[in-house]
Amino acid sequence: MIRRGLTNIHAHPSFIPLDSTSRQILTVSELTTTVRASLETHFAEVWLEGEISNLRAPASGHLYCTLKDQTSQIRAVIFRSAAVRLRFGLEEGLHVVVRGRLSVYEPRGEYQIILDHLEPKGRGALQLALDQLKRRLEVEGLFDRASKQPLPAFPRTVGIVTSPTGAAVRDLITVLHRRCPILSIIIAPVPVQGPGSAEQITAAIQALNKLGVVDVMIIGRGGGSLEDLWSFNDEAVVRAIVASRVPIVSAVGHETDVTLADFAADVRAPTPSAAAEMVAPVLTGIVERLSLLTARCRQVVSSQCLEQHQRLDLLLARMDNIRFKILKEAQRVDGAVAGMREAVRAQVRQAMVNVQGWTQALVSKSPALQVHRDLVIVPQLRSRLLAAMSHGLKRKAEQTHAYLGRFNGLSPLAVLGRGYGILETMPGRRIIRDAGQVFVGEEILARLARGQLRCTVEEVRLDPLV
């Protein structure tokens with residue numbers, strides 16, 4: 001494989017065999033340096049193709065890999081200054097065509113190729129870079145259909161991001177004015193290819209968003225090669241389109257040209273003219289449509305008014321019937337009220353009669369009246385009572401006198417009054433009934449009808465006959 005990229009091969013004098021009499025002995029370093037110098041001189045530019053394996057990307061920014069085919073392999077290095085110029089990412093198994101120069105890594109004595117150019121085998125670097133970037137952005141969800149914004153039906157201002165001198169801008173303005181002459185157009189002039197164009201396209205999208213008056217935006221340009229359209233595959237442009245709060249129509253190239261801006265935009269148009277037709281409604285059509293709708297609205301309103309008027313008349317007629325029914329019901333209610341009022345009055349009169357009767361009954365049963373009536377007979381009863389009491393007292397007095405006479409006859413005092421006395425011992429005051437109860441010389445007390453006598457026994461005689 002190396003021979004395919006070999007341009008000039010010459011035998012180095014140091015590798016010519018020497019005869020035994022002129023033998024030259026080298027150190028390993030001297031030999032390695034000599035070989036490296038020879039390789040770098042005779043293989044200063046080598047083209048070869050192979051498959052990338054053992055790819056490593058340390059923090060230094062250099063890239064290390066191995067290029068191999070079915071039978072051989074060679075170490076390769078891409079220094080940072082060349083790696084940053086790569087427009088696609090290296091991958092394991094990627095088949096590439098490279099350009100470089102051979103050299104020797106002296107610490108290990110290994111020869112390697114130092115690459116300064118790589119391109120994918122079979123497809124261009126731009127296409128590979130485009131595919132890789134598309135996959136990465138798809139994984140991030142930047143092309144999700146769910147996040148697409150709808151285009152406004154009646155935009156008032158359209159922003160255009162394109163070249164001010166290209167045919168696309170003329171087509172856009174022509175179509176927009178033809179379809180809707182009252183539409184305002186704001187053009188953000190930018191270069192659409194070449195260095196710095198992607199940055200200016202990104203800035204234009206962001207600037208139109210900041211204006212706050214743009215309802216929809218068209219970004220695009222005419223057709224061209226992949227390299228010409230590359231600005232619309234730039235990651236910054238894609239992210240600016242996705243971040244735009246204004247709906248964006250992508251109109252880049254012809255229908256067969258597909259860029260990442262087409263996937264990121266809310267709507268893709270096959271051409272700039274088609275984008276203008278998508279964005280701008282046909283004003284004459286709108287006016288005709290409005291006129292037709294206005295006529296229909298008037299017809300519908302007139303029809304509705306007539307229908308409502310008829311319904312109103314019908315309701316008014318029904319209202320008359322209802323009013324007549326209401327009057328009849330009101331008359332019936334008046335009769336019922338009068339009957340109720342008369343019934344209430346009758347009830348009241350009967351109640352008053354009952355009250356009067358109950359009042360008289362209560363008056364007749366009044367305790368005061370009874371007392372007043374009974375007070376009339378009190379004097380008669382009093383006279384009767386006094387007479388009865390006097391008679392009773394008199395009769396009782398006579399009975400009492402009779403009992404007193406009897407009692408006096410039985411009283412000891414009465415006996416004493418007849419000259420008898422009662423003897424009692426001293427002390428003790430016991431009644432002396434037997435002469436044997438006392439002794440001679442003993443003092444005794446004699447109770448008489450009037451007064452008492454204190455006596456001394458001089459003689460005791462027990463014979464009752466003496």
Residue within segment 176-185 that is open to solvent by 80 Å² or more (accessible area, probe 1.4 Å), of a type in the set (A, V, I, L, M, F, W, C), farther than 21 Å from residue 244 by Cα and part of a loop (DSSP other than H, G, I, E, B) present: yes
Residue, most open to solvent (accessible area, probe 1.4 Å), within segment 151-174, restricted to residues that are part of a helix (DSSP H, G or I) and of a type outside the set (Lys, Arg): 174
Spot the failing condition for residue 17; the list is (1) over 60 Å from the mean Cα position of the chain (by Cα); (2) modelled with pLDDT under 90; (3) closer than 30 Å to residue 227 by Cβ, and only one is missed. (3)
Can you tell me which residue within segment 433-466, out of those that are among the acidic types (Asp, Glu) and at pLDDT 85 or above, is most open to solvent (accessible area, probe 1.4 Å)? 458
So, in segment 126-150, exactly how many residues are surrounded by fewer than 18 Cβ atoms within 10 Å (Cβ to Cβ), among the hydrophobic types (A, V, I, L, M, F, W, C) and modelled with pLDDT of 85 or more? 2
Search result, residues across segment 435-461 that are in contact (Cβ under 8 Å) with a residue 12 or more places away in the chain and either under 22 Å from residue 411 (Cα atoms) or among the aliphatic types (A, V, I, L, M) (or both): 435, 438, 440, 444, 445, 446, 447, 448, 449, 453, 457, 460
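Which members of segment 95-110 meet the condition of being touching a Lys or Arg at 6+ places or on another chain (Cβ under 8 Å), open to solvent by less than 70 Å² (accessible area, probe 1.4 Å) and of a type outside the set (Ser, Thr, Tyr)?
Listed by number, the residues that qualify are 96, 97, 104, 110.
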Of everything in segment 37-71, what is open to solvent by 50 Å² or more (accessible area, probe 1.4 Å) and either at positive phi or of a type in the set (Val, Ile, Thr) (or both)? Give them in sequence order. 41, 54, 71
Would you confirm, using the coordinates I've provided, whether residue 227 is more than 30 Å from residue 283 (Cα to Cα), more than 38 Å from the chain's Cα centre (by Cα) and among the acidic types (Asp, Glu)? yes
When every residue in segment 188-201 that is over 45 Å from the mean Cα position of the chain (by Cα) and not in a helix (DSSP H, G or I) is compared, the one surrounded by the fewest Cβ atoms within 10 Å (Cβ to Cβ) is 195
So residue 119 clears everything in (1) in contact with a Pro (Cβ under 7 Å, 6 or more places away or on another chain); (2) not in a helix (DSSP H, G or I) except one condition, right? Which one? (1)
Some residue of segment 89-112 being modelled with pLDDT under 85 and polar (S, T, N, Q): no
So residue 254 fits all but one of (1) under 20 Å from residue 201 (Cα atoms); (2) open to solvent by less than 80 Å² (accessible area, probe 1.4 Å); what number is the exception? (2)
Quick check on my filter: what residues within segment 204-228 are in a loop (DSSP other than H, G, I, E, B) and buried (at least 23 other Cβ atoms within 10 Å of the Cβ)? 214
Kindly indicate whether residue 103 is touching a His at 6+ places or on another chain (Cβ under 6 Å) and over 30 Å from residue 226 (Cβ atoms). no
Pairs, please: C-beta under 7 Å, at least 6 apart or cross-chain, first residue closer than 17 Å to residue 181 by Cα and open to solvent by 70 Å² or more (accessible area, probe 1.4 Å) and in segment 269-293, second of a type in the set (A, V, I, L, M) and part of a helix (DSSP H, G or I)? 277/175
Under 6 Å by Cβ, and 6 or more places apart or on different chains, what pairs join a residue from segment 111-125 that is open to solvent by less than 70 Å² (accessible area, probe 1.4 Å) with one that is among the basic types (Lys, Arg) and at pLDDT below 90? 125/87
Output for segment 74-85, where each listed residue is modelled with pLDDT under 90 and crowded, with 16+ Cβ neighbours inside 10 Å: 82, 83
Only residues in segment 75-101 that are over 16 Å from residue 56 (Cα atoms) count as the first member; pair them with residues that are modelled with pLDDT under 85 and hydrophobic (A, V, I, L, M, F, W, C), Cβ under 7 angstrom, at least 6 apart or cross-chain, and list the lot. 87/125; 87/126; 87/129
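The values are calculated or read from the model by the stated rules, or taken from the named source; none is laboratory data. Predicted model only: the values in this text are computed from it and were never measured. Methodologically, a virtual Cβ is constructed for each residue, glycine included, from the backbone with ideal geometry; neighbour enumeration extends over all protein chains shown. Heavy atoms of the whole protein, side chains included, go into the accessibility calculation; ligands, DNA and RNA do not. Shrake-Rupley method; radii C 1.70, N 1.55, O 1.52, S 1.80 Å.
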